[in-house]
1. Using R₀ = 22 Å, calculate the FRET efficiency as 1/(1 + (r/R₀)^6) where r is the Cβ-Cβ separation of Asp92 and Asn72; round to 0.05.
2. Add +1 for every Lys or Arg and -1 for every Asp or Glu among the other residues with Cβ under 14 Å from the Cβ of Val77, and state the total.
3. Hey, quick one: spin label on Ala115, modelled 7 Å out along Cα-Cβ, who in the stretch 35-70 has an amide N within reach, i.e. under 14 Å?
4. Which FRET efficiency, nearest 0.05, do Lys101 and Asp63 yield, Cβ-Cβ r, R0 25 Å?
5. For the pair Phe44/Ile134, report the inter-label distance in nm, with labels modelled 7 Å from Cα in the Cβ direction.
6. Mind jotting down the three principal axis lengths of the stretch 32-148 based on Cα atoms? Whole angstrom, largest first.
Amino acid sequence: MKNFNLFLIVSFLVAMMSCKTKEMVFNPDTYDSPYIVFGNGGGFSGHVKTFYLTERGSIYIADHDQYKLLGNTEKNVAKQLFTNYDVLGFKDLNLNDPGNKYYFLEFRSKEMNHAIKWGRQPLENKNLSVYYNILLDAVGKFRANEEDK
């Protein structure tokens, strides 16, 4: 009887573990909802840092072919960032002026892929610089927490 009870318990635990839902992995190639891509690259090493902000507020960092979740901003903050992309007119901004060290901001959705790159010349549109720095501040909060662990 003891063996039978042990068998039931082990079977139950195995069944519960196999029913665990898989964590949804972010992949920009298959992601259906709009998202914002931002980062920088170039310089001496040529290294590129790429971050992704989803409408739900999730922030991911690209690491080779994988995307690691850094954390989640509040949904109202993410919503405001997406709204500001429109309100500040970035969808209509045509800027492709990367330098040796460059910065980029992209909006991607089913309907549109729009990229902005700069770095060669100082920005004339100061709103772009402020917006970009707000995105980096959001990332910085999660990266600081990651380093504290």
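Each value in this text was obtained by applying a stated rule to the coordinates, not by laboratory testing. Worth saying up front: this structure is predicted, and the values here are computed from it rather than measured. When we count neighbours, we look across all protein chains shown, and the Cβ atoms used for this are built from the backbone with ideal geometry, even at glycine.
1. FRET efficiency, Asp92 to Asn72: 0.15.
2. Summing Lys/Arg as +1 and Asp/Glu as -1 gives +1.
3. 37-42, 48-51
4. Efficiency, from the Cβ-Cβ distance: 0.75.
5. 3.4 nm
6. Extents along the principal axes: 35, 35, 24 Å.
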